[in-house]
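The values are calculated or read from the model by the stated rules, or taken from the named source; none is laboratory data. Please read all numbers here as calculations on a predicted model, not as lab measurements. Here the Cβ is made from the backbone with ideal geometry for all residues, glycine too, and neighbour counts use every protein chain on show.
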Amino acid sequence: MRNGAFYNTAMSDLAGKHIVVTGASAGIGAELCRQLGRLGCRLTLTARRRKLLGDVTEEIRRAGGEACYETCDVTERDEVFELAEFARGHFGEIDVWVSNAGGGMRHRLLEAEEEDMQLMFRLNCLSSLWAYQAVAVPWIEQGRGGQLIDVSSVGGKAGFAYGGGYCAAKHALSGMGDVLRQELARTGITLTTVYPGLTESEFGAALIDRTASDKSLRTEVMSRRAPWFVRLMAAKQPTAHVARAIVHAIRRPVPFVYPHRWAACAALLYNLWPNLLLSRLNRPRRTSSDGK
Ligand SMILES: NC(=O)c1ccc[n+]([C@@H]2O[C@H](COP(=O)([O-])OP(=O)(O)OC[C@H]3O[C@@H](n4cnc5c(N)ncnc54)[C@H](OP(=O)(O)O)[C@@H]3O)[C@@H](O)[C@H]2O)c1
């Protein structure tokens, strides 16, 4: 192991590895499966939309890859365990589990419904916990290693207005990852947390918007002149870019991956100098009457 590296970072060949990817019907997950299929992995795809899963699976098979699929709602613990059983039944023991399924919500935190908060936590955080339990426990019992990958978000490092449930759940996911990484030390099981920035996917369209009828909020957001670091983060990255970063992390396990360079810088700055950045975010806006 390289001096100071948390994991053994030697490159591994991916051919033949059995990889489960959640949220594989669209966006980052579907693109990740396409890339892994081309590298000779055996893939179990899952999400809720059967038709889309079938289409992506067919595409992978046509390109010479090995893939199967099963639907699973990752907000349901039993379904996650059943999916792990299905995957083992199809391709044998799982080598890598990518918890990528996720989704956002736009709401005012002061008005957040408990049900909405629970959905955000089940979808963006607890689904990973259930995956850890469904696959890492058998790995330990068998005395074998394995890889867990969680797709978090820069929103899991630095919260943003009206993303309360989502940011809180992704922060909790980061905390859970930090804990499990240490609890799994010396087991041969690695855990990587991936922090994408804004990405071209269905994420925005699938977002649950509790503020749709709130015109005052729309006006407030539109009239904001975002600080420079928020504008740098706002450039969307292609799903292929994020998927490549995940493939690289499967080849060479590391604890953290930041696919979006500017988002990584902003999150790092936020963690180093939160007061400075928050003062920029909350600075009073200039109006047309200013400067008179
Ligand atoms: N796009 C961004 O800007 C961005 C930024 C940072 C982090 N991320 C994270 O990246 C991950 C992938 O998102 P994406 O951008 O690829 O979004 P996406 O295109 O909307 O894909 C989300 C995937 O999750 C699945 N999914 C949603 N709810 C599910 C549930 N209850 N059970 C099982 N599967 C479910 C969806 O499939 P079904 O609808 O078929 O179930 C879909 O395959 C998420 O964890 C997201 O938080 C995205």
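Quick rundown of the values:
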item: Of all residues making up segment 177-198, the number that are under 21 Å from G103 (Cβ atoms) and part of a helix (DSSP H, G or I); result: 1
item: Residue satisfying all of: in segment 123-165; charged (D, E, K, R) and farther than 14 Å from V74 by Cα; surrounded by the fewest Cβ atoms within 10 Å (Cβ to Cβ) among these; result: E141
item: I208 surrounded by 15 or more Cβ atoms within 10 Å (Cβ to Cβ), within 15 Å of G103 (Cα to Cα) and more than 8 Å from the ligand (Cβ to nearest atom); result: yes
item: Residues being surrounded by 17 or more Cβ atoms within 10 Å (Cβ to Cβ) and either of a type in the set (A, V, I, L, M) or in contact with a Cys (Cβ under 8 Å, 6 or more places away or on another chain) (or both) - total across segment 183-197; result: 4
item: Criterion (polar (S, T, N, Q), modelled with pLDDT of 95 or more and assigned to a helix (DSSP H, G or I)) met by exactly one of S201, S174; result: S174
item: All positions within segment 150-164 that are closer than 9 Å to Y195 by Cβ and assigned to a strand (DSSP E or B); result: V151
item: Unique match (being without any contact (Cβ under 8 Å) to a residue 60 or more places away in the chain and more than 13 Å from the ligand (Cβ to nearest atom)) among C125, C41; result: C41
item: Within segment 71-114, considering residues that are buried (at least 21 other Cβ atoms within 10 Å of the Cβ) and not hydrophobic (A, V, I, L, M, F, W, C), the one farthest from the ligand (Cβ to nearest atom); result: D95
item: Yes/no for G197 being over 30 Å from H107 (Cα atoms) and in contact (Cβ under 8 Å) with a residue 24 or more places away in the chain; result: no
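To keep it simple, each residue is scored yes or no on (1) among the basic types (K, R); (2) near the ligand (Cβ under 9 Å from one of its atoms).
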residue	(1), (2)
G23	no, yes
I28	no, yes
R49	yes, yes
D55	no, no
E58	no, no
Y69	no, no
